[in-house]
Amino acid sequence: MDTLQKIDVLGGAAQWDVCRGCGTHDSRTRDELGHWIYPAIRPDGTHISMLKVLQSNVCERDCLYCANRSGRDTRRVSFTPDELARVFSEMVAGNLVQGLFLSSGVCGGTPQATERMLATVELIRRRYRFPGYVHLKILPGAEDASIEAALRMAQRVSVNLEAPNAQRMRAISPSKDFSHELLRTLGRADELRRRMGRPVSMTTQFVVGAANEPDREILSTSTQLYHELRLGRAYYSAFQPIPDTPLEDHPATPPLREHRLYQADFLLRQYGFRFEELIFTNDGNLPQQGDPKFMWALRHPEAFPVEVNTAPPELLLRIPGIGLRSVQRIVNWRKRGKLSELGHIGRTGADVGRAAPFILLNGIRPSYQLPLWVQSMA
């Protein structure tokens, strides 16, 4: 198999390490050579095209949901560090990509698999002088020296927890030790980057629905990681059954559930909400009929209506339909004059229909109609 065939197989294999909500399925493209390229947002907010690829899809782990699990009948391919570094540099030279996301199956144990990944990135940095964005996956149970090497060469590193706790992990990956191999490794990465003084972003990802875990457990773990480990992002990947795996008959997780998790995550990271303020159903999941901010607003009528012309930014962010950019535009508008009609709210980029029931404009409550499902709750 030549190099281009390998990158097509291993780029395709990397698609399972993705999430719908972060620009991967609908936005993934293949260039004229058949390579797998993804849109990505760097930690600094820059949009780039990124090659997402595995060093190898040979894996000795038996995760029940994974297309690359040991024992599954699939084509197994590996790159040498020289091969992958060379083809990536050619793609950079051709202006096809501006970044690399490198992961791998665990082949020959975590130390050997990690060594091959690190050798690839070192060649990219030193031989090919690539100064750009690299996201490097840290494999379960990686040694401190390997974690340090990854932190020196990458702008972002990640350890995929996949499940919110040890009990859920046992249900989907019996051979993985959640506490020692995953959570501890993520913690060591944070300790080492603090000690090294390097501004490396750190992320994780959850497979949503594979272990029948509720949203409450997932978001509780995310909240803890944000507070204790300065996690940059948590990603949520809706489980999709894969043929010839033990979970091939397990129901797929609806994309809307993944979407609601991202909405709740944004409230926790950027909107000043606390985990205790999130609204969950009796089964521990986020309500599907409305977004998390809207559901909070319905539960807290005492907080509304909010006078848009005088409320501080942190209170404006509590209004359904009004986001970060809209708040800034509202604040800027107020320096020049008052917002006196719903059209003004719309011009800030806010969702007028969602915001109208919760605001005042110069002391006047605009006319609105709540959704039928909300009216039925009254």
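Every number here is computed from the coordinates shown, using simple stated rules; none is lab data. A quick note: this is a predicted structure, and the numbers were derived from the prediction, not measured. Don't worry about glycine lacking a Cβ; one is built from the backbone with ideal geometry, like all the others, and counts go over all protein chains shown.
Brief remarks on what is shown
- Near the amide H of Lys52, within less than 5 Å, lie the amide hydrogens of Tyr38, Phe101, all on another chain or at least 5 residues away, with H placed in the peptide plane.
- Relative packing of 208-217, 88-97, which averages over residues the other C-beta atoms within 10 Å, highest first: 208-217, 88-97
- Packing-based order for 330-337, 99-106, using average beta carbon neighbours within 10 Å, highest first: 99-106, 330-337
- Which of Lys338, Lys137 has the fewest Cβ neighbours within 10 Å, and the rest in rising order: Lys338, Lys137
- Segment 254-378: Rg to Rh, with Rh as the Kirkwood radius over Cα pairs: 0.97
- Residues Cys66, Cys107, sorted so that the one with the fewest Cβ neighbours within 10 Å comes first: Cys107, Cys66
- Relative contact order of the chain, defined on C-alpha pairs under 8 angstrom at six or more residues apart (%): 11
- Relative exposure of Tyr235, Tyr262, Tyr128, judged by other C-beta atoms within 10 Å (fewest first): Tyr128, Tyr262, Tyr235
- Magnitude of the charge dipole, segment 3-277, Cβ model with Lys/Arg +1 and Asp/Glu -1, debye to 20: 720
- P(r), alpha carbons of segment 131-225 - 10 Å bins starting at zero, rounded %: 17, 47, 28, 8, 0
- Computed from Cα positions, the angle between helix 184-196 and the longest principal axis of the chain comes to roughly 90 degrees.
- Shown for the chain is the translational diffusion coefficient from the Stokes-Einstein equation, using the Kirkwood radius over Cα pairs, a temperature of 4 °C and a viscosity of 1.567 mPa s: 57 µm²/s.
- Relative contact order, percent, segment 300-375 [alpha-carbon distance under 8 Å, six or more residues apart]: 35
- Residues in segment 233-246 carry Karplus couplings, in order, of 8, 10, 10, 10, 10, 4, 4, 10, x, 10, x, 6, 10, x Hz; the curve used is 6.51 cos²θ - 1.76 cosθ + 1.60 with θ = phi - 60°, and Gly or Pro positions show x.
- Protection-proxy order for peptides 357-363, 290-296, each taking the mean of Cβ atoms within 10 Å per residue, highest first: 290-296, 357-363
- Cα-projected label distance for His300 with Leu256, points at 7 Å along beta-carbon direction, nm: 2.5
- Taken over the chain, lysine pairs spaced eight or more positions apart, or on distinct chains, with alpha carbons under 29 Å apart number 8.
- Modelled this way, with points 7 Å down the Cα-to-C-beta line, the labels at Glu122 and Arg347 are 6.0 nm from one another.
- Theoretical FRET efficiency, 1/(1+(r/R0)^6), r = Cβ-Cβ of Glu191 and Lys335, R0 51 Å, to 0.05: 0.70
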